[in-house]
Amino acid sequence: MTVPTPEAPYGVDPKGRPYSDKSKIVAGILQIFLGSLGIGRFYVGSVGVGIAQLLTCGGVGIWALIDGILFLTSNDRTDKQGRVLRG
């Protein structure tokens, strides 16, 4: 992680992309436990997907569980502004 700047207050990843103020761990846990309400998606700013998960009960739980696992294991998940979620 590099030194924070005004453009990237949480630093940048090895590919030079700025880190988000949101955590992938928090997003993953919220998605696993409250994914049927779309809470993990609302947390990272994906309102449209959050509403879809809310209306489908998280894809009857399957979509929410898989999405939560992907939040926890992927290093390329981003927030609404396209910033990489912090670990």
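The values are calculated or read from the model by the stated rules, or taken from the named source; none is laboratory data. Worth saying up front: this structure is predicted, and the values here are computed from it rather than measured. Because the Cβ atoms are built from the backbone with ideal geometry, glycine has one as well, and the counts that use them run over all protein chains shown.
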### Task
Sort through P14, P18 and tell me the only one that's free of Cβ contacts under 8 Å to residues at least 12 places away in the same chain and either in contact with a Cys (Cβ under 7 Å, 6 or more places away or on another chain) or under 15 Å from D76 (Cα atoms) (or both).
P14
### Task
Would you check which residues across region 14-44 are surrounded by 15 or more Cβ atoms within 10 Å (Cβ to Cβ) and among the small types (G, A, S) and list them?
S20, S23, A27, G28, G35, S36, G38, G40
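Conditions tested, residue by residue: (1) under 30 Å from E7 (Cα atoms); (2) at pLDDT 95 or above.
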{"position": "I29", "(1), (2)": "yes, yes"}
{"position": "I39", "(1), (2)": "yes, yes"}
{"position": "V47", "(1), (2)": "yes, yes"}
{"position": "L65", "(1), (2)": "no, yes"}
{"position": "G68", "(1), (2)": "yes, yes"}
{"position": "F71", "(1), (2)": "yes, yes"}
{"position": "D76", "(1), (2)": "yes, no"}
{"position": "R83", "(1), (2)": "yes, no"}
{"position": "R86", "(1), (2)": "yes, no"}
### Task
Determine whether I62 is under 12 Å from G87 (Cα atoms) and surrounded by fewer than 16 Cβ atoms within 10 Å (Cβ to Cβ).
no
### Query
Which number in (1) part of a helix (DSSP H, G or I); (2) at pLDDT below 95; (3) of a type in the set (F, W, Y) marks the one condition that Y19 misses?
(1)
### Query
If you go through region 22-58 one residue at a time, how many are farther than 19 Å from R83 by Cα, of a type in the set (S, T, N, Q) and not in a helix (DSSP H, G or I)?
1
### Query
What are the residues in region 5-14 that are in contact with a strand residue (DSSP E or B) (Cβ under 8 Å, 6 or more places away or on another chain) and part of a loop (DSSP other than H, G, I, E, B), if any?
E7, A8, P9, Y10, G11, D13
### Query
Just a yes or no: is a residue in region 73-82 out of contact with any strand residue (DSSP E or B) (no Cβ under 7 Å at 6 or more places or on another chain), under 13 Å from L30 (Cβ atoms) and either in a helix (DSSP H, G or I) or acidic (D, E) (or both)?
no
### Message
Please pick out the residue among D67, D76 that is surrounded by 15 or more Cβ atoms within 10 Å (Cβ to Cβ), within 11 Å of the chain's Cα centre (by Cα) and among the acidic types (D, E).
### Response
D67
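Just to be sure I understand, how many residues within region 46-58 are surrounded by fewer than 16 Cβ atoms within 10 Å (Cβ to Cβ) and not aliphatic (A, V, I, L, M)?
Start the filter on region 46-58 by keeping residues that are surrounded by fewer than 16 Cβ atoms within 10 Å (Cβ to Cβ), which leaves 47-48, 51-52, 55-57.
Subset that is not aliphatic (A, V, I, L, M): 48, 56-57.
Selection size over region 46-58: 3.
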### Which listed residue, of G87, G82, G48, is farther than 16 Å from F33 by Cα, out of contact with any helix residue (DSSP H, G or I) (no Cβ under 9 Å at 6 or more places or on another chain) and of a type outside the set (D, E)
G82
